[in-house]
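Here's the structure, in structure tokens; my notes come after.
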Amino acid sequence: MVVFAASPRGAGHRLALLSLALVPITGCKQGDPEKCSQAQTVVRTALEAGDFASAKTWREYAYKQCEDRSSLAALDQSIVQRESAATAKKIADEQETRDTNALAKLFFQFVADNRAAPDKTSQTPACDAPPTGAPAASKERFCTASRQAGNHTLEVRYWDADHGAFRFTTTLDGEIDCKELAGTVSKQWDVPAVGGKSAKRTRCDLSGALQGLTAVVTAAHHAPLYVISPSYVAHDPGWHAILEGP
């Protein structure tokens, strides 16, 4: 508390004394360089982890500890850019999930509608040439028929002499699992994926309108989804490893 004695010099003298009393306070350096550096490091670590709440909290702390505010401009910009990118990715991922589930539903309906007569899925199925030495009219061959669903192809490959031997295929943009296919897991194993990684492949036993059929799905983006009848592998033995795994 500053007490002013009565003086003939009046208010001007008192103002001068007050100014002197305030010099030690306003002249002090604010913040702490070490804590400033630490706060910025924590902000960057939080951003890498996608923890924007912590990043913003430590950003406020940095502003209290850093005298040079210009060094914090890039930090603010990084927070805005990272959070905007994360929000955009979340929206895109949610849309991809909806699109993937919608395509899977459409695909399974396609299978259910055409499993009894796969040759009717297209007016112009493409059939392989008969085996060497077989009559030209031989049906001992595979045929392929398909339909378009937007940018996706719904395809069926069937044995011409036995339309009960078939494999339906489409490619999903996102990932889907056996539960979402309303199936029961019968086997899982790892398969090679992009970048030297591995992805989980699952064989699902289906039910309802797809009772008796098997689905094979791989937990990766842009992976094929298959639905196979029990007798298909007898005509395409090379496909046994895809269905059975190692």
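The values are calculated or read from the model by the stated rules, or taken from the named source; none is laboratory data. Just so it is clear, the structure is predicted and the values come from calculations on it, not from any experiment. Glycine also receives a Cβ, built like all others from the backbone with ideal geometry; neighbour counts cover every protein chain displayed. Quick note on the areas: whole protein, heavy atoms, side chains included, nothing else; ligands and nucleic acids left out. Shrake-Rupley method; radii C 1.70, N 1.55, O 1.52, S 1.80 Å.
Worth a mention:
- Of all residues in the stretch 147-184, those that are in contact (Cβ under 8 Å) with a residue 24 or more places away in the chain, open to solvent by 20 Å² or more (accessible area, probe 1.4 Å) and part of a helix (DSSP H, G or I) total 1.
- ALA102 exposed (fewer than 15 other Cβ atoms within 10 Å of the Cβ), within 35 Å of the chain's Cα centre (by Cα), under 30 Å from ARG167 (Cα atoms) and among the aliphatic types (A, V, I, L, M): yes
- Residue match in the stretch 204-217 (condition: open to solvent by less than 60 Å² (accessible area, probe 1.4 Å), part of a strand (DSSP E or B), of a type outside the set (Val, Ile, Thr) and under 25 Å from PRO118 (Cβ atoms)): yes
- When the residues of the stretch 218-238 are filtered to those that are assigned to a helix (DSSP H, G or I) and either of a type in the set (Gly, Ala, Ser) or in contact with a Lys or Arg (Cβ under 7 Å, 6 or more places away or on another chain) (or both), the one that is modelled with the highest pLDDT is TYR232.
- Subset of the stretch 185-199 [part of a strand (DSSP E or B), over 20 Å from LEU213 (Cα atoms) and charged (D, E, K, R)]: ASP190
- Here TYR232 meets the list (1) over 15 Å from GLY183 (Cβ atoms); (2) within 25 Å of the chain's Cα centre (by Cα); (3) hydroxyl-bearing (Ser, Thr, Tyr) almost entirely, failing just condition (2).
- Members of the stretch 105-131 that are surrounded by 15 or more Cβ atoms within 10 Å (Cβ to Cβ), farther than 14 Å from VAL227 by Cα and touching a residue at least 24 places away in the same chain (Cβ under 8 Å): ASP119, THR121, SER122
- Members of the stretch 55-89 found to be of a type in the set (S, T, N, Q), under 24 Å from the mean Cα position of the chain (by Cα) and either surrounded by 11 or more Cβ atoms within 10 Å (Cβ to Cβ) or not in a helix (DSSP H, G or I) (or both), listed by number: SER78, GLN81, THR87
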